[in-house]
Amino acid sequence: MGDLANSAVGFYPKAQRGGGEAEASHAGGFGCSLEELRELMELRGPEALQKVEESYGDVYELCRRLNSSPTDGLSDNPSDLEKRRQVFGQNFIPPKKAKSFLALVWEALQDVTLIILEIAAIISLGLSFYQPPGGETEVCGDVSGGAEDEGEAEAGWIEGAAILLSVVCVVLVTAFNDWSKEKQFRGLQSRIELEQKFTVIRNANLIQIHVAEIVVGDIAQVKYGDLLPADGVVIQSNDLKIDESSLTGESDHVRKSVEKDPMLLSGTHVMEGSGRMVVTAVGVNSQSGIIFTLLGAGEGEEEEEEKKEKKAKKQDGAVAMEMQPLKSAEGGEVEEKEKKKSNVNKKEKSVLQGKLTKLAVQIGKAGLVMSAITVIILVLYFVIETFVIEGRVWLTECTPVYVQYFVKFFIIGVTVLVVAVPEGLPLAVTISLAYSVKKMMKDNNLVRHLDACETMGNATAICSDKTGTLTTNRMTVVQSHVGEVTYREVPGPGVLSPAILDVLVSAIAVNSAYTTKILPPDQEGGLPKQVGNKTECALLGFVQDLHRDYQAVRVQIPEEKLYKVYTFNSVRKSMSTVVCLPEGGFRLYSKGASEIILKKCSSILTASGEPRLFRPRDRDEMVKKVIEPMACEGLRTICIAYRDFTGTPEPDWDSESDIVGELTCICVVGIEDPVRPEVPEAIRKCQRAGITVRMVTGDNINTARAIAAKCGIIQAGEEFLCIDGKEFNRRIRNEKGEIEQERIDKIWPKLRVLARSSPTDKHTLVKGIIDSTVLEQRQVVAVTGDGTNDGPALKKADVGFAMGIAGTDVAKEASDIILTDDNFSSIVKAVMWGRNVYDSISKFLQFQLTVNVVAVIVAFTGACITQDSPLKAVQMLWVNLIMDTFASLALATEPPTESLLLRRPYGRNKPLISRTMMKNILGHAVYQLTIIFTLLFVGELFFDIDSGRNAPLHSPPSEHYTIIFNTFVLMQLFNEINARKIHGERNVFDSIFRNPIFCSIVLGTFVMQIVIVQWGGKPFSCAPLNVEQWLWCLFVGVGELLWGQLISSIPTSHLKCLKEAGHGPGQDEISDDELADDEDEIDHAERELRRGQILWFRGMNRIQTQIRVVRAFRSSAYEVEKKPDPRNSIHNFMSHPQEFLLNDFIHNIPLIDDTDLEEESELSVKHNQHRPPLPPLTPSSPNKNNNAIDSGIYLTPSTHTGASSPASPLHSVETSL
């Protein structure tokens, strides 16, 4: 604690250092010090109550000592607020220091290939300054010949220096990219923080302020769904329940009240109810702030002790956390890779990153082998030539000369490796994602997790809320049934009897959150502003339309006088409030879903305002004649009722089922929430793009169906399913009440509307779709949500969208993307951007791999045949720079087009490099290799110049090799234009001017190339070329574009021999670290065998075994008859307790209770004893691969004969692992 106190004092020098002084001497004239408040907030439950009573008497006295009013809050006096910040600190946790540019440079220098290059360059530099003693050069043979010119001999250092310079360039570019990426992360984080506002009372007015502006003494309004931004003590509460698991790890909700446990802590979530608290600690002095400070301090000390560990812990981009919850105990929300490890909820690497890492590892390995062979061949050739054929003896004085040769060979080998290793891949992903994220901000998508943006491109299903997403969330009462009469519009004054009117107005005014209000419009003639819950706003608007004032009732019965409140939650689907009647006794007002409240009504008010008996027969008739017709018009129906109690004996308020029963129905209203005008078109686009939209809503089935039809989710003549939560649960559970995946699989493909659903139903549906193996591709599901209880579904989904306006903090916390305008059409934009990211990466890959293949083959064969690479080390580094850094910038920033929505989603196991792309890569490689080898072996005859082959060490650059280098680069430049299209389109110039970055990079590279060739000289091994030679080089370069047209004329379907590469980690079967598995492609037969397996992540220690065993079985996979694997139940992973993800089953959400968990685990055990296979699948259509132009793989549907035995070899391997 001592350290802690010091750290706080360090942050706020004026903070109180001793808590034991007399009250008068407390800093700033407050009646309590920072230390006292900090000590108070460390207590819980009865201890806290006791401490408050001992030190302050009660909470009101605490407010008085903080110079604050429990009802009016603080004054808006800036000097007072500033003084509070000085004394008690501000609500801000200082961010961890960002990495400096130099630190990033140092990190970039850790790259192994660069280190090897640096060493080689330094050796080369050192040796170039060494002159063997004169006269003895003869003895070393003609190996050192060709350096007759003194100046040339002295210029030997240039190559080493040039390599070092190129390394510096590469390092600076990498560091700058990292730096800008980190800057973007911080910007994004601060943007997210600025989104978070909180309601406080100042000058007796409710206002919303940024959480950073909250000060000690503020009276904050706490409600369902809030994430608490500071510590405080409860002043008043209604049924308040808090989830404190982020601080204590306890998943049970804690009930908070003035009498029992009044302590509210920052970073905890309000799961139910509402209330008010006085803020007692902010920023680093709050409970979560103290933990952050400890984390920060701990990290600082570790860094000083062991600097080496710092490298290992890539704590990139930790960010200023303005009272974000404690999700980042590792220290900040960081670079994507880090995030994937720390965020338990994200189950796996993003699809794209998995595929890319695997591909990069495979290419890297191939490059390493090639470079090793190159070096070995060069060395052997030289040794045999010099010491065997010429029969020379190794003399001591000649050692430096020979070593210089070996260094040169080594440098050639390393450059082959440098060109082969595609370090541009991660860069391209980062640039593409960062660019997309920035642009998506303008399209109202605030991306919280970078990989979500790309996953969205693969989405196959969207489960959307209705209210606010598909509809405008501006609700109005358009029909009502009062006094047994149905009104198609709001009844005029004098139509309803005063008795009914009085009770109706009171019921609506009192039994709504007092934070919900209707304010006058911002501009003349506008609509009134609705603040708070939109359904309640509609009811308050109804009161105003009846020419009554709800505010007058609230003044008469202020919030403190409410006797008991049963707040709305998704289980109750209703809200009830108890008030004391002036003449004694109590009255309960209740409102909620009409069918639920009507079931609890035993009487109904007649037109005169007298109650009469309301029998089940009457209820059925009312449902048929009043509620269903309203619902069929897409109206949401709400029933309002009341009940009177005598004062003696006082009812038992805790038995809610007895209290909220025997009600008297006042009226039923129909609330309209019009569909957003742009939604039907957006949904049409989704359906065209192969994405199924499902509506999951808490509304009545008829209302949901009517809205779904208006939106175009369901269409006449289609086979679809609209069911409610009760029916859904009946269909997916077996006799024992356990959920079965096979049952879900029968429902979800046709399900379009799930009505009256609870958050558990939503979570079950999402999980069922994700875990389903009915279709060829694993479904990628996006979910929208706004409520606290949507948290589990948002977390479970591949991409969770939270509502920026209507969403609670808890929902935003669980989401990947926040929709800042709550609009469904923004989701379609996210799909477009996601697909664009995927295509951008594919374009870059197509370009880069062509360069890789050509450069490696040229360097390798050139070295083997002519003992020297035609492309020198520095030239290779330049090519590496243009193709890695610049090309990734150019191709990764292509803007998306509507045409992206015309193809179906790629799916998880679609290889990165489709057949069309493979055709392009190999086709262009053939052209380039033909040209380069022609130039290498007969170029000198064609141009009538000296041959550059077999030139001795340190000889001046030749025109011959310069032409080869220049032609090579120009071919890459024109091929970069070809790479803009990956689906075999002919017009590669289509909308090229929409991307100014691309145009400027291509032009810039061309200008740089002219400078390098004409004036690069010795460092770049270039001799200036004349105009004719330049024109020939350009002509060959432009040939690339013509050759591209020729390639796209060859139908891909005829090239059966081509395989794809860069398969994803198949259907969740490849673990995060198993990406080093070096099989190049997954064969179709094998894919059929392994398709349905759902394997969860393994730990590092199991991977070695897995790879070995799977390899052993892979060889025998073809000898075994082709049997489909048993498709296991979704719950079989429960038998491996160390594997399943805690977040999937954490029961800190109402409704996923312990009984569910027990059922699930029982089910899992049963399923593991005998796993019934699913019925055989019907063969899917060949075009499952869904490439826009060519269908990629034609999957050969295996002939499923009967059920397969669970003992099929691959199956047993994977279960035993």
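Please pull out the direction-averaged projected area of the range 55-105, using the convex hull of its alpha-carbon atoms, in nm² to one decimal place.
6.2
What does the net charge come to around residue 507 if you take all other residues with beta carbon closer than 14 Å to its beta carbon, with K and R at +1 and D and E at -1? It would help to have the intermediate numbers written out before the result.
Values: positive: 548, 554, 587, 591, 643; negative: 502, 536, 644.
Around residue 507, the surrounding residues sum to +2.
No solvent, one uniform scatterer per C-alpha: report log10 I(q)/I(0) for the range 821-900 via the Debye equation at q = 0.10, 0.23, 0.24 1/Å, two decimals.
Log-scaled intensity ratios, in q order: -0.40, -1.01, -1.05.
Taking only the alpha-carbon atoms of the range 787-921, what semi-axes of the equivalent ellipsoid follow from 5 times the gyration tensor eigenvalues under a square root, in whole Å, largest first?
Details: eigenvalues 389, 49, 37 Å².
Result for the range 787-921: semi-axes of 44, 16, 14 Å.
On the Cα set of the range 898-956, report Rg and Dmax in Å, please.
For the range 898-956, the Cα radius of gyration and maximum Cα-Cα distance read 21.2, 58 Å.
Grab the other residues whose beta carbon is less than 15 angstrom from that of residue 52, score K and R as +1, D and E as -1, and report the net.
Details: positive: 38, 44, 51, 64, 65, 256, 260; negative: 36, 39, 42, 47, 53, 54, 58, 61, 231, 259, 261.
That sum, taken over residues with Cβ under 15 Å, equals -4.
Find the centroid of the Cα atoms in the range 267-290 and in the range 579-632, then give the distance between the two in whole Å.
Rounded to whole Å, the Cα centres lie 40 Å apart.
Any idea what the alpha-carbon Rg over 2.2 N^0.38 Å comes to for the range 637-724? Let's see the in-between values first.
Details: Rg = 20.6 Å, N = 88, 2.2 N^0.38 = 12.1 Å.
Rounded to two decimals, the normalised Rg is 1.71.
For a 19 Å ceiling on Cα separation, which of these pairs sit above it: 599/625; 96/183; 438/796; 442/829?
On the way: 599/625 16 Å; 96/183 13 Å; 438/796 26 Å; 442/829 10 Å.
Violating the 19 Å limit, Cα to Cα: 438/796.
Could you work out what % of the accessible surface of the range 394-505 is carbon and sulfur, using a 1.4 angstrom probe and leaving DNA, RNA and ligands out of the count? The partial results should precede the final answer.
Values: 2080 of 3290 Å².
C and S atoms contribute 63 percent here.
Give me the number: length gained by fully extending residue 734 to residue 583, i.e. 0.36 nm times residue separation minus the C-alpha to C-alpha distance, one decimal in nm. Display every interim value, and only then the final one.
Numbers: separation 151, 0.36 × 151 = 54.36 nm, distance 5.39 nm.
Extra length available between residue 734 and residue 583 comes to 49.0 nm.
Can you divide the C-alpha Rg of the range 651-795 by 2.2 N^0.38 Å and report the result to two decimal places? Please report the intermediate quantities before stating the final value.
Numbers: Rg = 17.7 Å, N = 145, 2.2 N^0.38 = 14.6 Å.
Normalised by 2.2 N^0.38 Å, the Cα Rg of the range 651-795 equals 1.22.
Distances longer than 24 Å among the Cα atoms of the range 506-642: what percent of all pairs is that? Don't jump to the answer; show the numbers that get you there.
Numbers: 3469 of 9316 pairs.
In whole percent, the long-distance tail amounts to 37.
Measuring from centroid to centroid over Cα atoms, what is the spacing of the range 974-1041 and the range 491-513 in Å?
77
Place the peptides 814-827, 399-412 in order of packing, highest mean first, counting for every residue the other Cβ atoms within 10 Å and averaging per peptide.
814-827, 399-412
Cα extents of the range 167-293 along the three principal axes, largest first, in whole Å?
That gives 68, 37, 23 Å along the principal axes, largest extent first.
Using a 1.4 angstrom probe on heavy atoms only, work out the carbon and sulfur share of the accessible area of the range 685-828 in %. Provide the component values of the computation, followed by the final result.
Numbers: 1960 of 3980 Å².
After summing per-atom areas, the C and S share lands at 49 percent.
Could you sort 1030, 748 by their accessible area in this structure, using a 1.4 Å probe and putting the largest first?
Numbers: 1030 30, 748 5 Å².
So the residues, ranked largest to smallest area, are 1030, 748.
Please find the FRET efficiency linking residue 596 to residue 899, where r is the Cβ-Cβ separation and R0 is fixed at 51 Å, and quote it to the nearest 0.05. Before the final figure, lay out the partial values.
Working: r = 48 Å, r/R0 = 0.94.
Here the calculated transfer efficiency is 0.60.
Hull surface divided by four, with the convex hull built on the Cα atoms of the range 724-810: how many nm²?
Details: hull surface 23.3 nm².
About 5.8 nm², averaged over all directions.
Run the numbers on the range 851-963 and let me know its relative contact order in percent, using alpha-carbon pairs under 8 Å that are six or more apart. Please list the in-between numbers first.
On the way: 46 pairs, mean separation 35.5, N = 113.
Reported as a whole number, the value is 31 percent.
Tell me the Kirkwood radius of the range 403-541: reciprocal of the mean inverse pair distance over distinct alpha-carbon atoms, in Å. Walk me through the numbers before you get to the answer.
On the way: mean 1/r = 0.0457 Å⁻¹.
So the Kirkwood estimate lands at 21.9 Å.
In Å³ and rounded to a whole number, note down the convex hull volume per residue for the Cα atoms of the range 844-1002. Can you show the working numbers first?
Values: hull volume 20.9 nm³, N = 159.
Convex hull volume per residue, Cα atoms: 131 Å³.
The values are calculated or read from the model by the stated rules, or taken from the named source; none is laboratory data. Fair warning: this is a prediction, and the values are worked out from it, not measured in the lab. In this analysis, Cβ positions are derived from the backbone assuming ideal geometry, glycine residues included, and neighbour counts consider all displayed protein chains. These area figures cover heavy atoms from the full protein model, side chains too; ligands, DNA and RNA do not enter into them. Shrake-Rupley method; radii C 1.70, N 1.55, O 1.52, S 1.80 Å.
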